[in-house]
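In what follows, a single structure is set out as structure tokens and then discussed.
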Ligand SMILES: [Zn+2]
């Protein structure tokens, strides 16, 4: 009985993997093992290492892939934790369910990833009045 339960659990895990929570990032190191402790692994490091940024909303299950160098252009050379802290879901407008991770993609996975690319950064003119 306990054996079949364990098998059941295993199947669930694999099913989850297939629905997008890709198995590749579960065992994947976010940073090189030799990276000194305490040193921030920034988007620039991630770019140099060929990593991909995955940001998703656990509430809507909407997942997007970004190039770390482009995220860096938008919010600066920060860590992926800071990216997450700044992320907001476009669909539900919430920040609470946002997740962000860096990972490496290989082979078939790399081919199938569709990136959300940075099109432009628009600087808008804002006029602020002050009454004296
Ligand atoms: Zn959402």
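As a calculated quantity, the FRET efficiency between residue 40 and residue 124 at R0 = 41 Å, using C-beta atoms, amounts to about 0.85. Straightening the chain between residue 108 and residue 131 buys 2.2 nm, computed as 0.36 nm per residue apart minus the Cα-Cα spacing.
Per-residue counts of other Cβ atoms within 10 Å, averaged by peptide: what ranking do you get for 64-73, 99-108, 84-93, highest first?
Result, highest mean first: 64-73, 99-108, 84-93.
From the Cα gyration tensor of the stretch 29-112, with a ≥ b ≥ c the square roots of its eigenvalues, which class applies: rounded if a/c is under 1.5, or else prolate if a/b is larger than b/c, or else oblate? Oblate shape, in that a/c is at least 1.5 and b/c is the bigger or equal ratio.
Readers should treat all values here as calculations from the given coordinates under stated rules, not as data from a laboratory. Source: prediction; values computed, not measured. Quick reminder, even Gly has a Cβ in these numbers, built from the backbone with ideal geometry, and neighbours come from all protein chains shown.
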